[in-house]
Structures are given as C-alpha cells and as structure tokens.
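Worksheet for the structure shown next.
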Amino acid sequence: MMITDNIGLYIHIPFCRSKCPYCNFYSVGCNSELINKYKSKIIDTVKESPYCFDTVYFGGGTPSSIGSSALAEIIGYINHTDNCEITVECNPRDISEQAGEKFFYELADAGVNRVSIGLQSAVDSERRMLGRVSGKKEALKGIENAKNAGINNISLDLMIGIPEQTPASLEESLKYCADAGVKHISAYILKIEDGTFFAKNKAKYNLPDEDAVAEMYLQTVDYLDKTGFRQYEISNFAVPGYESKHNLKYWNCEEYLGIGPGAHSFINGKRFYYNSSLTDFINNSPPVDDGPGGNEEEYIMLRLRLKDGVDFALFDKSFSHPLPDSFFDYALYLSNNGFAKISDTGISLTPEGFLISNKIIFELIERL
Ligand code: SF4
C-alpha cells in the first residue's frame, strides 16, 4: 500500500458537557458508553487510513471531555511523522487543578504538542452569558499545567460581539490573553446562528451592533499587533513561527482527512464529508461525496482569508493562466478604498477588508 505523506488529520470529538447558547455545531452529551463506542470506531477508521499525517487536530465538540487516556489511546494508532503538530482543543474546566496536570502529562507523553483553550472572554460575566461555568482562573491554571507538562504551544480562543461586551471589557480580555504567556490567539466574531438559544431569544440580549463589533474587531487586530501577535488570518494571530500548521492547510488548499460526524475531507482533488450523526458514523455509514475541490474560485476564497493573500505567480502556475484584467480593476478599486493591498507579487486584504471579506471575495470570484 502506498503511504502518502504531508496530509492533515482532523478528528471530531462531538461530546459536550452542556450546549452553549450560541452554538450550532453538531454535538451530543457526554455518555461514557457512547464515548467508548465512538473511540473504538475512530481507532478502526484511523487504522484503515493509508496516510502518514504531519498534522493532527482534535476538534469538537469538546475533545478534553473524553479524557486524556482516550485521546492518548487514539493517538497511539495514528501513523504520523516525527515532527507532527498534534493539537487538542480543551475546555478550561477540564484542564485546571490537579486533574489538569495529569491530563497534560498523559497528552504530552502521547505526542500532543499544541493545545487550544476555549476561553472566549476573560470577563466572568461575559463567560456566564456564553454558558461557560469556568472562569479565567481555571484557564490560567490550565496554561500553567500544560507548560509544566512541556506543552508550550498554547492558543486561546476569544469572542468578539458577546452580549454586553464593550471596548473596555474587550481590552480586559485582550490584556489577559497577551499576558498569559501563550503563543497564539484566535478571535472570532460571534455570529447569531439560526436555531440557537441566542437566535430564539435575541431580543433579550444586549448585543453590540454591527458598527460596534467592527470597531472591536479593529481594536483586537491593533492590540494584538502591538503585543507581538501577528495577524495571519482573518481571525488568527500568532507569535511568528507559532501559526497553526493544521489550520493553514485548509486555507492553503492542501489535503486533509476528517474523521467523525460532520467532519470534512479534501484528498486527491475530491471533497467528501461524514453526515452529522453519531449513530450513522458508529454504524459505518460511508462519507458523502461533495464534488471536486481546489479549483481557482476556492483557491482565491481560501487564500484571501490569509494575511499573505493571493500570490499572482503562484496562481498562474497552479491554474496555467494569469488572473484576468477585470480582477485587477476591482482589486485596484479595493486598494484605493483601503480594503486591500496590492503589490507587484500579490493581493491581500487589510483588516477593514477582512470585515467585509465575504462580499469582496464574491465580487473577485465573479471576475475570474
Ligand atoms: S461551543 Fe463548543 S463547547 Fe459549547 S456546545 Fe458548541 S461545541 Fe460544545
């Protein structure tokens, strides 16, 4: 069997202790019998895979909720490169205090070298609004526990646009993250998704309006830049050298295999995904074909999420033709209005451009 190298592996862990009011991701409650069945199915699927992975990412759901032993056992069956980046997303409540020390030592022994902690806000009242029971103390203890176990590549998740959030309270969260000794920060704008508790009860919440959210996004970019976190994607910031290798694969149109309900894959020019059903996955339901991937529209769409943007020569080489004049005309309009930067070698969006990236990308793709 041919072993293909340099592929990312995403493993979805769809278990959560409770449902957050803003979340529309597929997840189910933590049930030890179900977790065991799921773990076995993940191990069987991983064992059958013909690939050697250079990044592994456990996302959720809440990967830390299934415990370090289960995660370590799964990693033991993954065929990966020696310097593979292995990330586990963690909820602060699972990684603080004593349990957290054991948790990270076991993960570090298994090869985990990166963790992503779902802080969302360092303001306890905002965290409670998001349905989070643990606070900033637990997150700090979790960071200390991870470092004691030798895991120094740590990311914190923040959210912009939380009900009641103000520039002052956001600054408190940003300061907390910048001072926490982590290498990476993800800052996502809260989107009120249909069907969520927030969507159904929107009127009851004091949500910052669109302009206020845009201002807070620009405040975030500016604050993190001044504290040494370089923006490398719309919502991601890192100390140089600590960008997420796994997530960069998505935006660079590189190959990855996704395992678990709702997980998506892109291999050999084909996209496919598993249904968002734990039962279907455990009962061997095969992945669903999602058509071809990696065409020029997709490439432009994904690369423009990155601060490095689209490289003209690379586009030319990948698709055997240059970008059309109409693309450049619109790019020039964007540049003149502060939404993009154009150089001799490429085009990238500015933070102001990132705020309306969906519209910009649509317009640029229309001109291909
Ligand atoms: S936000 Fe995360 S922890 Fe909360 S329900 Fe969704 S997947 Fe689970």
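Among the strands (runs of 3 or more DSSP E) confined to the range 184-240, the ones with at least 2 residues that are touching a Leu at 6+ places or on another chain (Cβ under 7 Å) are located at 184-189, 230-233.
Listed by first and then second residue, the pairs linking a residue in the range 303-329 that is of a type outside the set (A, V, I, L, M, F, W, C) to a residue that is assigned to a loop (DSSP other than H, G, I, E, B) and surrounded by 18 or more Cβ atoms within 10 Å (Cβ to Cβ), with Cβ atoms under 7 Å apart and 6 or more places separating them unless they lie on different chains, are Arg303/Gly309; Arg305/Ile234. Given the structure, is Gly60 surrounded by fewer than 24 Cβ atoms within 10 Å (Cβ to Cβ), within 19 Å of Ser244 (Cβ to Cβ) and in contact with a Pro (Cβ under 8 Å, 6 or more places away or on another chain)? So Gly60 fits the description; yes. Here Ala199 meets each of (1) without any contact (Cβ under 8 Å) to a residue 24 or more places away in the chain; (2) crowded, with 17+ Cβ neighbours inside 10 Å; (3) of a type in the set (Gly, Ala, Ser) with one exception, condition (2).
Residues checked against (1) within 14 Å of the ligand (Cβ to nearest atom); (2) touching a residue at least 12 places away in the same chain (Cβ under 8 Å):
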position: Ser125; (1), (2): no, yes
position: Leu130; (1), (2): yes, yes
position: Gln165; (1), (2): no, yes
position: Asp179; (1), (2): no, no
position: Asp211; (1), (2): no, no
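A quick yes/no check of all residues on (1) of a type in the set (Asp, Glu); (2) modelled with pLDDT under 95:
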{"site": "Asn24", "(1), (2)": "no, yes"}
{"site": "Ser27", "(1), (2)": "no, yes"}
{"site": "Val46", "(1), (2)": "no, no"}
{"site": "Phe53", "(1), (2)": "no, no"}
{"site": "Thr87", "(1), (2)": "no, no"}
{"site": "Asp94", "(1), (2)": "yes, yes"}
{"site": "Gly100", "(1), (2)": "no, yes"}
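Comparison of Ile361, Ile356, Ile300 shows that the only residue that is within 15 Å of Glu254 (Cα to Cα) and β-branched (Val, Ile, Thr) is Ile300.
Counting just the residues of the range 2-37 that are polar (S, T, N, Q) and without any contact (Cβ under 8 Å) to a residue 40 or more places away in the chain, which one comes out farthest from Asp194 (Cα to Cα)?
From the range 2-37, those polar (S, T, N, Q) are 4, 6, 18, 24, 27, 31-32, 36; that's our starting set.
Filter again for without any contact (Cβ under 8 Å) to a residue 40 or more places away in the chain, leaving 27, 31-32, 36.
Working: Ser27: 16, Asn31: 27, Ser32: 30, Asn36: 32 Å.
Among residues in the range 2-37 that are polar (S, T, N, Q) and without any contact (Cβ under 8 Å) to a residue 40 or more places away in the chain, the one farthest from Asp194 (Cα to Cα) is Asn36.
Look at Ile151 and say whether it is among the hydrophobic types (A, V, I, L, M, F, W, C), in contact with a helix residue (DSSP H, G or I) (Cβ under 7 Å, 6 or more places away or on another chain) and assigned to a strand (DSSP E or B). No: the conditions fail for Ile151. Residue count for the range 302-327 under the criterion of being under 27 Å from the mean Cα position of the chain (by Cα) and acidic (Asp, Glu): the result is 2. Which of the residues belonging to the range 230-289 are surrounded by 21 or more Cβ atoms within 10 Å (Cβ to Cβ), hydrophobic (A, V, I, L, M, F, W, C) and over 14 Å from Thr55 (Cβ atoms)? Ile234, Phe237, Ala238, Ala263, Leu278, Phe281, listed by residue number. Being surrounded by 20 or more Cβ atoms within 10 Å (Cβ to Cβ), within 17 Å of Thr45 (Cβ to Cβ) and of a type in the set (A, V, I, L, M, F, W, C) is the requirement here; does Leu304 meet it? Answer is no for this residue. Of the helices (runs of 4 or more DSSP H) entirely within the range 1-120, those holding at least 2 residues that are more than 11 Å from the ligand (Cβ to nearest atom) and not β-branched (Val, Ile, Thr) occupy 32-48, 68-76, 97-110.
The values are calculated or read from the model by the stated rules, or taken from the named source; none is laboratory data. Owing to the predicted nature of the structure, the values given are computational and were not obtained by experimental measurement. For neighbour counting, all protein chains shown are included, and Cβ atoms are generated from backbone atoms with ideal geometry for every residue, glycine included.
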